[in-house]
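In what follows, a structure is listed as structure tokens, so that the remarks can point back to it.
None of the figures in this text is laboratory data; all of them are computed from the coordinates on show. Since the structure is predicted, the reported quantities are computational estimates derived from the model, not experimental observations. So basically every Cβ, Gly included, is an ideal-geometry build from the backbone, and we count neighbours across all protein chains shown.
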Amino acid sequence: MVWDWAFVWSILPELATGVVVTIQATVVGTILAAIVGLLIAMAQRSRNRLISRPVQFFASFVRGTPLLVQLYFLFFVLPDIGILLSPLAAGVIGIGLHYSTYMSEVYRAGIDNISKGQWEAARACNLSERQTWIHVIVPQAIPPMIPALGNYVVMMLKETPYLSAITVYELMNAARGVANSYYRYFEPITLVGLFFLIITVPAVIILRRLEKQHSRFG
Amino acid sequence: MSTAISNWSGFLLLLLDGAWVTLQLTVAGCCIALVGAFILGLCRLSRWAALRWFATAYIEFFRGSSIFVQLFWAYFVLPLAGFPLEPMATGILVLGLNVSAFGAEVVRGAILAVPKEQFETAVALNLTPYQRMRHVILPQAIVFMLPTFGNNAIELLKATAVVSLISLSDLTFQAQVIRLQTGNTAVPFIGALLIYFVISVIISRGVRHLETRLSDGLDVTKH
């Protein structure tokens, strides 16, 4: 088992096509998770228990079960009831929903940190519920959440290989493809690991710095 | 086998077989992770720079490269380097090594969260470093660690599903077997999801129970 650079160069273009899909899935998944996560956090705060309880249960159910099985569910069960999704769409929805339940916890903590005076002031200014959320609460709650949300984006990136299990041709699948056709596993799988390290290590360092800044000013 | 699958109890038995493998992976993985987390967490706080650097490199490596990649690496690459491992041993080892990197940060954070006066008092009482850790710092720090350890254990449980892709017949694998043999999709996957959820609820309840028991008699303000 010797590292073969010539082989590495020859498989890089193939892996690059996988990287594109990996990044697409992460970006779209992040947008989905950020939006759905906020909706979940708001629904959990609802005074109507018929809304807050089921949403709460859904979130803890999704958090307590493996992403892989959730992806299988979306990929195999939904077509049976007439919902046809492309593998990438099912994958993005799966990973986005999974992480929305994590992000909702970040939002919840961020919203709880907004002082009561802000709510009261918004009411005193005669803002509607909607206006209060959009113009008062959300703009103040989001900046301190960015490091925690960023951490989940990094985690999402690292979990995109799960999408290979439902035939999405992302980086891991591309690597397994070339590994199987040349019967060389060492370089392709190591390269996938390196790709994640190259992105996650600097990202984590930046996020840690951001976190320190917020705790200093917060 | 086909007769067993032809009825509902057959489904359930297959899933429970898988759940047993999942449970073994989870418990054994958690044991390795727990030991690893304490060793690495203490290394991070060590006086010796070499130990600190080793622990930091280990933690960043295992947290930064996906567990999915680590498992495939251990399963496909290590045997080529002359380390053939059983799938079960590979799974347990990778899960344990990976989660210990997450746990190490918890151990470190919890030890640092113990008030400084506790260290100083222990020094003033002339306790050795070992006694200080064992009898003063850790009993208090463990209470801080437990909630996050519970979450880590649930993350480990969820990560066990990956082993189904390296031919181990865990819960996820059995759900796939049922799908392939019967064509039914909803029953196996909803069944598997429910079993996973029950296990994670048991873990979180158990950890919460342990937390109240261990914080008895300690003057700890709950976070």
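With a ≥ b ≥ c taken as the square roots of the eigenvalues of the C-alpha gyration tensor of the stretch A:93-218, please select rounded if a/c is under 1.5 and otherwise prolate if a/b is larger than b/c or oblate if it is not? It comes out prolate by the Cα gyration axes. Considering only Cα atoms, the convex hull volume of the stretch A:5-217 works out to 140 Å³ per residue. When every Cα-Cα distance of the stretch B:124-223 is counted in 10 angstrom steps from zero, the calculated P(r) takes the values 13, 30, 23, 16, 12, 5, 1, 0 percent.
Rounded to the nearest 20 debye, the dipole size of the stretch A:5-217 about its Cα centre is 740 debye, using +1 on the Cβ of Lys and Arg and -1 on the Cβ of Asp and Glu.
Counts of other chain beta carbons within 10 angstrom of each beta carbon in peptide B:73-85 average 3.
Nothing charged except the Cβ atoms of Lys and Arg (+1) and of Asp and Glu (-1): what's the magnitude of the dipole of the protein assembly as shown about its Cα centre? Round to the nearest 20 debye. Spell out each step's value before the answer.
Working: 30 positive and 22 negative charges, 234 e Å.
For this selection, approximately 1120 debye.
Compute the Cα gyration tensor for the protein assembly as shown, then decide on rounded, prolate or oblate, letting a ≥ b ≥ c be the square roots of its eigenvalues: rounded whenever a/c is under 1.5, prolate when a/b is larger than b/c in the other cases, and oblate in all that remain. Let's see the in-between values first.
Values: a/c = 1.44, a/b = 1.16, b/c = 1.24.
It is rounded, given that a/c, with a ≥ b ≥ c, falls under 1.5.
With kT/(6 pi eta Rh) evaluated at 20 °C and eta = 1.002 mPa s, and Rh the Kirkwood radius from Cα pairs, chain B diffuses with a coefficient of 110 µm²/s according to Stokes-Einstein. Projecting the Cα atoms of A:LEU68, A:ALA165, A:VAL21 onto the charge dipole of chain A, computed from C-beta unit charges around the Cα centre, puts A:LEU68 farthest toward the positive end.
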